[in-house]
Amino acid sequence: MKEAFRTLANTPEPLFALGYMLFPLLALISAALGLWMIVTGQTIGGLVVLFTVTQALAFGAFWAIGRRRRILDAQ
């Protein structure tokens, strides 16, 4: 399992899918969920979703994009 993750983290194609498609889409969905929770009265849960889940997915996208850029520069 660790070897499979290493090979995926060292090739640009999966990092493209993660950085430009999957993580941003999930961050957008979780941001909408957090805002909906705040609007419907679940303030604490909505803030937790906005400040933790959404930010983690956004930073994951930036990590994948940066990692892909470093791999492409090395090639």
Exactly one of 22, 28, 47, 35 is of a type outside the set (Gly, Ala, Ser), within 11 Å of the chain's Cα centre (by Cα), surrounded by fewer than 15 Cβ atoms within 10 Å (Cβ to Cβ) and at pLDDT 95 or above, and that one is 28
Condition met for residue 62 (out of contact with any Cys (no Cβ under 8 Å at 6 or more places or on another chain) and surrounded by fewer than 14 Cβ atoms within 10 Å (Cβ to Cβ)): yes
Residues that are surrounded by 12 or more Cβ atoms within 10 Å (Cβ to Cβ), more than 13 Å from the chain's Cα centre (by Cα) and among the aliphatic types (A, V, I, L, M), drawn from the range 65-75: 71
Before we move on, is residue 5 among the hydrophobic types (A, V, I, L, M, F, W, C), exposed (fewer than 13 other Cβ atoms within 10 Å of the Cβ) and within 17 Å of the chain's Cα centre (by Cα)? yes
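The values are calculated or read from the model by the stated rules, or taken from the named source; none is laboratory data. Keep in mind it's a predicted model, so treat the numbers as computed, not measured. Every residue, glycine among them, receives a Cβ derived from its backbone with ideal geometry; neighbour counts consider all protein chains shown.
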